[in-house]
1. Quick one: work out Rg over Rh on the C-alpha atoms of segment 17-206, Rh as Kirkwood radius.
2. Calculated from DSSP H runs of 4 or more alone, at -39500 (n - 2.57) each and per residue, what is the 222 nm mean residue ellipticity of the chain, nearest 500?
3. Under the definition of Cα pairs under 8 Å and six or more residues apart, what whole-number percent is the relative contact order of segment 17-206?
4. Between Cys85, Cys182, Cys54, which gets the highest mean-square fluctuation from a Gaussian network model of the chain, Cα cutoff 10 Å?
Amino acid sequence: MSSPLPSVPAASVLDLAPVVPVVVVNEVADAVPLATALVAGGLPAIEVTLRTACALDAIRAIADGVPGAVVGAGTVITPTQVTECVAAGARFLVSPGWTDVLLDAMKASGVPFLPGVSTTSEVVALLERGVREMKFFPAQAAGGTAYLRSLAGPLPQARFCPTGGIGPTYAPDYLALPNVGCVGGTWMLPEDAIAAKDWGRVESLAREAAALRPRG
């Protein structure tokens with residue numbers, strides 16, 4: 001097992017890279033080489049969604065086998081999943097939406113989290129609870145860059161990771177907004193490349209994504 005990495009401060013999850021790959025792992029054997037390719041390409045923050053039966057095993061494999069990765073869990077919707085993901089090695093949590101029960105569980109987890117929002121009222125409610133970093137989902141369908149730009153004036157303290165319908169064409173527009181720390185996407189993980197286990201192609205696409213906005 002690899003040495004544990006330092007915990008990620010809540011304020012830094014959005015600042016690890018301009019893009020967070022949203023990963024659906026169908027075979028546990030793919031988890032480590034896939035994550036290795038993403039990290040090599042400059043995308044260390046990796047969100048593994050809980051959409052497949054092997055997702056927790058994939059998180060565990062990446063946490064144990066890819067030292068440079070900051071692996072997180074996505075599509076977290078229950079307190080039980082919060083507990084299971086953290087136990088598997090997830091270093092941050094992402095949900096498509098939130099409830100008071102889920103929010104309490106994520107706050108108690110000890111790791112950073114990004115609760116999902118798509119309305120102004122949800123943003124205000126989270127700010128009221130001391131949460132300033134959020135996932136904006138589904139980004140394109142919920143108003144895209146125009147919506148987030150409108151929120152920046154009255155709610156400048158809120159920062160977002162927009163996810164949903166974002167590709168390399170739209171990503172730079174999101175990243176140019178003052179209230180966007182990073183975006184989530186899948187375009188660096190084409191299905192044919194995963195099926196062919198073409199990790200070199202994944203690394204190349206990850207490198208292009210990492211260069212969408214210079215860091216620092």
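Values quoted throughout were computed directly from the atomic coordinates according to the rules given, and no laboratory measurement underlies them. No experiment lies behind these values; they were computed from the predicted model shown.
1. Numbers: Rg = 15.9 Å, Rh = 16.6 Å.
For segment 17-206, the value is 0.96.
2. Working: 9 runs with 83 residues, N = 216.
Roughly -11000 deg cm²/dmol at 222 nm, from the helical runs in the chain.
3. On the way: 370 pairs, mean separation 38.8, N = 190.
Reported relative contact order: 20 percent.
4. Cys54
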